[in-house]
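Asks: Sharing a structure with you now.
The values are calculated or read from the model by the stated rules, or taken from the named source; none is laboratory data. Predicted model, so just to flag it, every value in this text is computed and none were measured. Backbone-built Cβ (ideal geometry, glycine too); neighbour counts: all protein chains shown.
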Amino acid sequence: MPGHLILGISGASGARLGLRALDLFSGSPDVEALHLVVSPRAIRVAQDEISPGIRTVEDLAGTLKLSVRQRETLVIHGDGMIDAPISSGSFKTCGMAVLPCSAGTLGAIANGISRGLLQRAADVCLKERRRLVLGLRETPLSEIHAENILRVTRAGAIVAPPVPAFYAARTAEEMLDAYLLRVADLLDLRIETRDYRWRGGISETA
């Protein structure tokens, strides 16, 4: 049955990744409502990477040409809305993805720190044993990053950095979709995009 999915966009570089996730996931037949939470720093990044005119989450979402159904599916929450439904474990969701996920956001989630709705919603997913996918956008990794990855993984999250699928995609747009297809699989979502799954290589002949 379609359910409620949470999409968080944090302040790491990669605003287009979050936007494409919004576009694809909001169109999934498995999503009844897509709850979007964007951190203030993510808005600042979007100004640099997408358009200087972006000031609000609504501005960010407005850069997409969403269908009527996608607009009806979208529920926007401010990061300061600590009383939003997704801040409580009693509100049933099918999981959450943070795309992109900054190292700071990873550290907060790994250590149970909820400084805003995005981090609180992720904390709820962990405590309720719901699926949480973190698209960590950082390289190289320090020992602290590695420790936080291990800590949050042990707590039940899946850390899935946006690694390009060079074997299946050629353009930047295709690489985004190939990665998001993998994330959708982790969330048990059906999305409308090309199938970038690996089908096997060319066999060597004697």
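Asks: What number of residues within the stretch 87-106 are not in a strand (DSSP E or B) and not aromatic (Phe, Trp, Tyr)?
Replies: Step one: of the stretch 87-106, the residues not in a strand (DSSP E or B) are 87-94, 102-106.
Right, trim to not aromatic (Phe, Trp, Tyr) and you get 87-90, 92-94, 102-106.
Number satisfying all stated conditions: 12.
Asks: Would you confirm, using the coordinates I've provided, whether residue 143 is loosely packed, with under 15 Cβ neighbours inside 10 Å and modelled with pLDDT of 95 or more? Give the steps one after another, and end with the answer.
Replies: Working: loosely packed, with under 15 Cβ neighbours inside 10 Å: yes; modelled with pLDDT of 95 or more: yes.
The answer is yes for residue 143.
Asks: Also: Mind listing just one residue for me: the one in the stretch 165-206 that is of a type in the set (Gly, Ala, Ser) and at pLDDT below 90 and, of those, farthest from the chain's Cα centre (by Cα)? So that I can check it myself, show each step before the final result.
Replies: First, the residues of the stretch 165-206 that are of a type in the set (Gly, Ala, Ser): 165, 168-169, 172, 178, 184, 200-201, 203, 206.
Next cut, at pLDDT below 90 only: 165, 168-169, 200-201, 203, 206.
Numbers: 165: 17, 168: 21, 169: 20, 200: 28, 201: 30, 203: 36, 206: 45 Å.
Selected residue: 206.
Asks: Where the second residue is surrounded by fewer than 16 Cβ atoms within 10 Å (Cβ to Cβ) and the first is within 16 Å of residue 103 (Cα to Cα) and lies in the stretch 26-48, which pairs have Cβ atoms under 7 Å and are six or more apart or on separate chains?
Replies: Note: pairs meeting the criteria are 45/13.
Asks: Restricting the stretch 122-140 to residues that are within 15 Å of the chain's Cα centre (by Cα) and part of a loop (DSSP other than H, G, I, E, B), which is nearest to residue 189 (Cα to Cα)?
Replies: The residue in question is 131.
Asks: Follow-up. Are there any pairs with C-beta distances below 7 angstrom linking a residue in the stretch 3-17 that is crowded, with 24+ Cβ neighbours inside 10 Å to a residue that is part of a helix (DSSP H, G or I) and of a type in the set (Val, Ile, Thr), with the two at least 6 apart or on different chains, and if so which?
Replies: Hits for this filter: 6/86; 10/105; 15/45.
Asks: If residue 123 satisfies every condition in (1) touching a residue at least 60 places away in the same chain (Cβ under 8 Å); (2) closer than 23 Å to residue 42 by Cβ; (3) touching a helix residue (DSSP H, G or I) at 6+ places or on another chain (Cβ under 8 Å) but one, which is the exception?
Replies: If we test residue 123 against (1) touching a residue at least 60 places away in the same chain (Cβ under 8 Å); (2) closer than 23 Å to residue 42 by Cβ; (3) touching a helix residue (DSSP H, G or I) at 6+ places or on another chain (Cβ under 8 Å), just (1) comes out false.
Asks: Another question, if that's okay. Of a type in the set (Gly, Ala, Ser) and within 28 Å of residue 150 (Cα to Cα) - does that describe any residue in the stretch 46-61? Please lay out each step first, then the result.
Replies: Of the stretch 46-61, the ones of a type in the set (Gly, Ala, Ser) are 46, 51, 53, 61.
Remaining after also requiring within 28 Å of residue 150 (Cα to Cα): none.
Checking the stretch 46-61: not a single residue is of a type in the set (Gly, Ala, Ser) and within 28 Å of residue 150 (Cα to Cα).
Asks: Output the residues belonging to the stretch 65-82 that are part of a loop (DSSP other than H, G, I, E, B), farther than 23 Å from residue 116 by Cβ and either of a type in the set (Lys, Arg) or touching a Lys or Arg at 6+ places or on another chain (Cβ under 9 Å) (or both).
Replies: Of the residues in the stretch 65-82, the ones part of a loop (DSSP other than H, G, I, E, B) are 65-67, 79-82.
Retained after the next criterion (residues that are farther than 23 Å from residue 116 by Cβ): 65-67.
Of everything in the stretch 65-82, just one residue is part of a loop (DSSP other than H, G, I, E, B), farther than 23 Å from residue 116 by Cβ and either of a type in the set (Lys, Arg) or touching a Lys or Arg at 6+ places or on another chain (Cβ under 9 Å) (or both), namely 65.
Asks: Considering (1) loosely packed, with under 14 Cβ neighbours inside 10 Å; (2) modelled with pLDDT of 95 or more; (3) touching a Ser or Thr at 6+ places or on another chain (Cβ under 9 Å), say which one residue 99 fails and leave the rest.
Replies: The failed condition is (1).
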